[in-house]
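Contents: one structure, followed by commentary.
The values are calculated or read from the model by the stated rules, or taken from the named source; none is laboratory data. Everything quoted here is computed from the prediction, not taken from an experiment. Quick reminder, even Gly has a Cβ in these numbers, built from the backbone with ideal geometry, and neighbours come from all protein chains shown. Protein only, heavy atoms only, side chains kept; ligands, DNA and RNA dropped before computing areas. Shrake-Rupley method; radii C 1.70, N 1.55, O 1.52, S 1.80 Å.
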Amino acid sequence: MHSMKERDVVSWTSLITAYSRIGQEENALVSASVLFRGMRCRDVISWSTIIGGYSQGGFAEEGFEYFSWMRRSGTKPTDFALASLLSVSGNLAVLEQGRQVHALALYLGLEQIPTIRSALINMYSKCGSIVEASKVFEETERGADIVALTAMINGYAEHGRSKEAIDLFEKSLNVGCRPDAVSFISVLTACSHSGQLGLGFHYFNLMQEKYNMSPAKEHYGCMVDLLCRAGRLCEAERMIDEMPCEKDDVVWTTLLRACTAKRDVEVGRRAAERILEVEPTSSTALVTLANIYSSSGKWKEAAIVRKSMKSKGVIKEPGWSSVLIKDRVSAFASGGRSHPQSEDIYSVLELLVPVAEPLRYGCEMKRDSESIQIL
DNA sequence: ATAGGGTTAG
């Protein structure tokens, strides 16, 4: 029999899950957070849920903050929360924070759990340390599963090592590992980065013929990218037209950007129009369209697009990046605005794992090492 | 009731 209290925890946690999945915008997360703080009793799943919610929304600071509270409350974390934190560390490229979570995983004896393995590979790779990523990959005791494999393939592809990416994919096929939809996106990306159009089509056919999978819009996106890089803009456009699934703005944007580089006004204009049909104020489409015109000397047309942006009140969102300055992660936007999400992650982490000296993977980070002290 | 890998680009 469940006590009233236990039922409470489960239903409150379900609500928190629901809120963090609504849009993963900050408002929904604030609601989730309000619910969480109002709980009378929390268990490890409720803590993992709120941490996962913020992490998936890209809010590393809040994720780590809740994690710190969780530990101070005496709740021992499981692989769930750690996997979420590794994921957000990778997405924001905060290597030191990711390393600390790795340290903790070792300390807690969770480092060989498959979700942790793949999250670690991804984290190190996204943080630029492909060497550590492949080290984790190699040290996977029971062999990498499809998720870890995909993380590794992606890592190689993103680091410009397409040959290794493709070799690894092939090797996994040879040992009888069944590829899934995501792993095909990875290998197609590798083909695309290395300009191997033919090989890309080989995998595109293979997934359909041998594995009975129908390509999703992401796979078509890779093929469009491949065709664009090969300069075959018309074929790329035809590929989009013939896609049997949703043609989102991502795939049109791929084509549009390629048109700037190749100065193809005609195809570019059509691509921009398709995006603008759905989203008339798309700043990406309008800015890129204006760039295509100016790159091919059509100043008048460029000016018309710029003017229409002004009259529609379209503003290009500034890009931003985070930089580590003296132990602080700060965010800077090109427009001078700072991004509120990623400030001060480091100061929160000091609460998390105080260490006597800097951690280095494979050295001080041993499970029973004295150098890792946990609050 | 919770978790890991996902294409675009100057």
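Below is a table of values for the structure above.
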| item | result |
| --- | --- |
| Candidate set from region A:164-202 (those that are of a type in the set (Ser, Thr, Tyr) and in contact with a Leu (Cβ under 6 Å, 6 or more places away or on another chain)); member that is nearest to DNA strand B (Cβ to nearest atom) | A:Ser192 |
| Some residue of region A:11-18 being aromatic (Phe, Trp, Tyr) and farther than 25 Å from A:Pro114 by Cβ | yes |
| Test: residue in region A:89-103 that is near DNA strand B (Cβ under 9 Å from one of its atoms), within 21 Å of the chain's Cα centre (by Cα), modelled with pLDDT of 95 or more and aliphatic (A, V, I, L, M) | no |
| Criterion: in a helix (DSSP H, G or I), closer than 26 Å to A:Ser118 by Cα, touching a residue at least 12 places away in the same chain (Cβ under 8 Å) and out of contact with any Cys (no Cβ under 6 Å at 6 or more places or on another chain) - qualifying residue of A:Gly200, A:Gly221 | A:Gly221 |
| Residue within region A:214-225 that is more than 22 Å from A:Met152 (Cα to Cα) and open to solvent by 30 Å² or more (accessible area, probe 1.4 Å) present | yes |
| Test set (1) surrounded by 13 or more Cβ atoms within 10 Å (Cβ to Cβ); (2) more than 11 Å from DNA strand B (Cβ to nearest atom) - A:Thr260 fails condition number | (2) |
| Neighbours by Cβ (under 9 Å, 6+ apart or cross-chain): first from region A:1-23, more than 16 Å from A:Val44 (Cα to Cα) and part of a helix (DSSP H, G or I); second within 10 Å of DNA strand B (Cβ to nearest atom) and at pLDDT 90 or above | A:Tyr19/A:Gly53; A:Ser20/A:Thr49; A:Ser20/A:Ile50; A:Ser20/A:Gly52; A:Ser20/A:Gly53; A:Ser20/A:Gln56; A:Arg21/A:Gly53; A:Arg21/A:Gln56 |
| Residue count for region A:24-62, restricted to those that are within 11 Å of DNA strand B (Cβ to nearest atom), surrounded by fewer than 20 Cβ atoms within 10 Å (Cβ to Cβ) and assigned to a helix (DSSP H, G or I) | 3 |
| Considering residues of region A:159-196 that are assigned to a helix (DSSP H, G or I) and surrounded by fewer than 18 Cβ atoms within 10 Å (Cβ to Cβ) only, the residue farthest from the chain's Cα centre (by Cα) | A:Asn174 |
